[in-house]
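Have a look at the structure below, then the notes.
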Amino acid sequence: MAESIRGKSVIVTGASKGIGKGIARVFAKHGAKVLVVGRDLASAEAAARELVGMGHTASAFSADVTKLDDMEAMAKAAVDRYGGVDVLCANAGMFPQVKIEEMSPEAWDEVQATNLKGTFLSVKACVPYLKKSGEGRIVITSSITGPVTGFPGWSHYGATKAGQLGFMRTACMELAKYGITINAVMPGNIVTEGLEGLGPDYMKGMAASVPLGHLGEVEDIGHAALFFASREARYITGQTIIVDGGQILPESPDALSQM
Ligand code: NAP
């Protein structure tokens, strides 16, 4: 399966750390040429350097997913450096935690602009090149939070993650005639620098709610994205895959205690 990724030009937004960095690593390991995108150029360069140090093909590009000009420059950079855009992993996102009563309209807008509008803008900028690929692939990083579950403080975040799936289902129909597929990975709790920032108690509590007994790793999301991007997944579009160690399944804490 993974062989079909070799030589492909792959853009990963939000690849300077966390899940995006894991996605970039998985694609690079399978022979893709990866554009590592984030706002902070130094962090993106450090992540790209790690991949190059492992013998892979990667380079950094600084861009803000909330800006169409940046997204167009990003797509152009992939074309200039790697000959086109075959795969877009629309992964960049933010998840500040604030409850509705304290949430400002500006805080709401910032999360929508990054997670939801950012998905739209990155897709819009890459479509002209994905059309030329002949095997264009878009993989969105959504979440279980919003489409399936809720968590206090993440109403704005959950709205964006569910919104990404609504966007995807119509995009799938508009892009099908170009042979472009668009699918979404829905991670549960994945260990990243960002999640670690929420503290050890949060991490421990989350692991206790997962039937497999531990949090996911960034590569777990990378492998699901790799599958959607592969040639073998060519007849799958507009679909989702939950990668959460079974987290959404227990119907009560009691169900977990009886395992
Ligand atoms: P993270 O560790 O905080 O990394 C976020 C990445 O996105 C960084 O590379 C950051 O780089 C980039 N980014 C943020 N805002 C950006 C913008 N406006 N333009 C371009 N790049 C931007 O986050 P993560 O946990 O890996 O999350 C990545 C994705 O996975 C998000 O969509 C999130 O919703 C989803 N997710 C995560 C989890 C989890 O458990 N970690 C679970 C479910 C879903 P710069 O700051 O330099 O721009």
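What follows is calculated from the coordinates using simple rules that are stated; it is not laboratory data. Because the structure is predicted, anything quoted here is derived from the model rather than measured. Note that we place each Cβ from the backbone using ideal geometry, even for glycine, and neighbour counts take in every protein chain shown.
Observations, loosely collected:
- Pairwise Cα distances in the range 1-157 exceed 28 Å for 21 percent of all pairs.
- Across Lys33/Lys132; Lys8/Lys117; Lys29/Lys177; Lys17/Lys161, pairs whose alpha-carbon gap is larger than 21 Å: Lys8/Lys117; Lys29/Lys177
- Dipole check for the range 2-242: with +1 at the C-beta of Lys and Arg, -1 at the C-beta of Asp and Glu, and the Cα centre as origin, the magnitude is about 900 Debye.
- Percent RCO, i.e. relative contact order, over the range 2-242, from Cα pairs under 8 Å lying at least 6 residues apart: 22
- Close amide H pairs (under 5 Å, H built 1.01 Å from N) link Ile140 with Ala90, Asn183, Ala184, Val185, residues at least 5 positions away or on another chain.
- Counting only aspartates and glutamates at least 8 places from Lys21 when in the same chain, those with an alpha carbon closer than 13 Å to its own are Glu45, Glu50, Glu193, Glu217, Glu219, Asp220.
- Where a label projected 7 Å from the Cα of Ile100 along Cα→Cβ would reach, residues of the range 152-185 with amide N under 17 Å: 152-163
- The sum of -39500 (n - 2.57) across all DSSP H runs of n ≥ 4, divided by the residue count of the chain, sets its helix-only mean residue ellipticity at 222 nm to -13500 deg cm²/dmol.
- Alpha-carbon centroids, the range 130-148 and the range 181-204: separation in whole Å: 18
- Helix 68-82 axis versus longest C-alpha principal axis of the chain: approximately 60°, rounded to the nearest ten.
- Rg/Rg_globular for the range 56-128, with Rg_globular taken as 2.2 N^0.38 Å and Rg from C-alpha atoms: 1.30
- The Cβ shell under 12 Å around Thr192 holds other residues with a net charge of -3, Lys and Arg each +1, Asp and Glu each -1.
- Dipole axis of the chain (+1 Lys, Arg; -1 Asp, Glu on Cβ), positive-most option in Ala58, Leu212, Ala42: Ala58
- Along the chain, the longest continuous region that contains none of the trypsin sites (Lys or Arg not before Pro) in a DSSP loop with at most 14 other C-beta atoms within 10 Å is 100-233.
- Net charge over other residues, Cβ less than 13 angstrom from the Cβ of Thr181 (K, R count +1; D, E count -1): +2
- Among Pro105, Val26, Ala15 - extreme Cα towards positive end, dipole of the chain, charges at beta-carbon: Val26
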